[in-house]
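The values are calculated or read from the model by the stated rules, or taken from the named source; none is laboratory data. This one's a predicted model, so the numbers in the text were calculated from it and none came from an experiment. Here the Cβ is made from the backbone with ideal geometry for all residues, glycine too, and neighbour counts use every protein chain on show. To get the accessible areas, we keep the full protein, side chains included, count just its heavy atoms, and leave off ligands, DNA and RNA. Shrake-Rupley method; radii C 1.70, N 1.55, O 1.52, S 1.80 Å.
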Amino acid sequence: MIDVAEMQPRAGMSPAKFQPLAQEIFTLKKQLNAVILAHNYQVPEIQDVADFVGDSLGLAQQAAKTDAAVIVFCGVHFMAETAKILNPNKIVVLPDRDAGCSLEASCPAPALAKLQATNPNFWTIAYINCSAAVKALCDVIVTSGNAEKIVNAAPKDRDLLFVPDENLGQWVMEQTGRKMTLWQGNCYAHVEFQQENILKLRAQFPDAKVVVHPESLRAVRELADSVCSTEKMITYCKTSPAKRFVIVTESGIIHRMQKECPDKVFLCAPTVDAMRAPTDPCHCSECKFMKMNTLEKVRDCMKNLAPRVELPPDIIQRARVPMERMLEISAR
Ligand code: 13P
Ligand code: SF4
């Protein structure tokens, strides 16, 4: 049994506010037979009540194997949809229905279908950051944690089409040597990182290792000691002998890093957007969609069993095929 009085949330929320909310959430969790899954970018207090905190791949793997009756998905909408695709008969709720993603928004299903119609030899690989309707049009799904492995396993006689992240796609082409047609989408938060700012930080802290998410621009990736998914970033920092790290991704990840490596120092890479506000002492990058979720909204979505993810059965059926292909190749 978790003792909420022992839990000290970092950041914005005081223990006096956190503890009764956390208690309510744990009671609801038991009543509903629910599991709480949270992405690494969620606010600390949400991470602290979750059963599992991880990257998109880890969360999809957890969703695929859970026997809970209700999945409370603390992340963005496409992630909750992914859980529903893998669990059509379960209730999947999310704290805020409007928690979108700029990558998902960049690739509407009808526009993808139109492009696919121009080349019958296309084999479509979709980054998991897309809608269920887009997944339903694709051959396989990838995450930043397994994209290289999955593209290496793609049929050699097909023309690869990669959607919707051009930066991740470019990085995977560099790693695998496979040529791909890239959809022109990007993560609005990661493209804010600029080479110049990371170089300044590296000059100031020459002992620091630079860890970069592959959604970042090539000029930034080129400065990295490691380019990887959020989960692999945590493993890299845990296992590296270095004591200081420049983290080039969304700042929510720092909570787990500090929890799991209390003797190490994590520096959030500054973004251009934050640099435009010189009076703001924090120059960290935040995804406005991930940050729509609050602990109160987690409690409310459990109380109301809403907002709930609902998808047409034919979309679920078609989107499940590339999702399961991804999980199968990933496990090899
Ligand atoms: P990860 O799968 O690496 O956690 O990435 C998810 C994401 O949305 C990054 O912006
Ligand atoms: Fe989407 Fe970028 Fe937010 Fe990740 S950080 S959910 S890719 S907008």
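Summary of values
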item: Solvent-accessible ranking of Val265, Val35, largest area first, probe 1.4 Å; result: Val265, Val35
item: Residue-averaged [θ]222 nm for the chain, counting only DSSP H segments that reach four residues, each worth -39500 (n - 2.57); result: -12000 deg cm²/dmol
item: Per residue accessible area of region 97-215, 1.4 Å probe, in Å²; result: 40
item: Long-range tail of P(r) for region 45-150 (Cα pairs > 19 Å, %); result: 47
item: Kirkwood-Stokes translational diffusion coefficient of region 118-247, alpha-carbon pairs, 25 °C, 0.890 mPa s, µm²/s; result: 157
item: Protection proxy ranking of 228-235, 152-159 - average other beta-carbon atoms within 10 Å, highest first; result: 228-235, 152-159
item: For region 162-210, size of Cβ-based charge dipole, Lys and Arg +1, Asp and Glu -1, in debye; result: 160
item: Charge dipole (debye, nearest 20) of the chain; +1 at Cβ of Lys and Arg, -1 at Cβ of Asp and Glu; result: 340
item: Over 25 Å between alpha carbons, listed pairs Lys259/Lys291; Lys114/Lys288; Lys90/Lys114; Lys29/Lys238; Lys17/Lys297; Lys114/Lys156; result: Lys114/Lys288; Lys90/Lys114; Lys29/Lys238
item: Charge dipole magnitude, Cβ of K and R +1, D and E -1 - region 138-238, Cα centre, debye nearest 20; result: 240
item: Ranked by how many other beta carbons lie within 10 Å on average, peptides 184-190, 313-319 from highest; result: 184-190, 313-319
item: Contact order relative to length of the chain, as percent, for alpha carbon pairs under 8 angstrom and 6 or more apart; result: 21
item: For region 213-332, average projected area of the Cα convex hull in nm²; result: 11.6
item: Within the accessible area of region 130-190 (1.4 Å probe), percent carbon and sulfur; result: 46
item: Listed residue (Gly100, His255, Thr124) projecting farthest to the positive dipole end of the chain, Cβ model; result: Thr124
item: For the chain, convex hull volume per residue from C-alpha positions, Å³; result: 140
item: Cut-off under 5 Å, modelled amide H: who pairs with Leu267 long-range; result: Phe245, Val246, Ile247
item: Cα-derived Rg over Rh, computed across region 172-251 with Rh taken as Kirkwood radius; result: 0.98
item: Ordering of 170-181, 57-68, 75-86 by packing [mean C-beta count within 10 Å, highest first]; result: 75-86, 57-68, 170-181
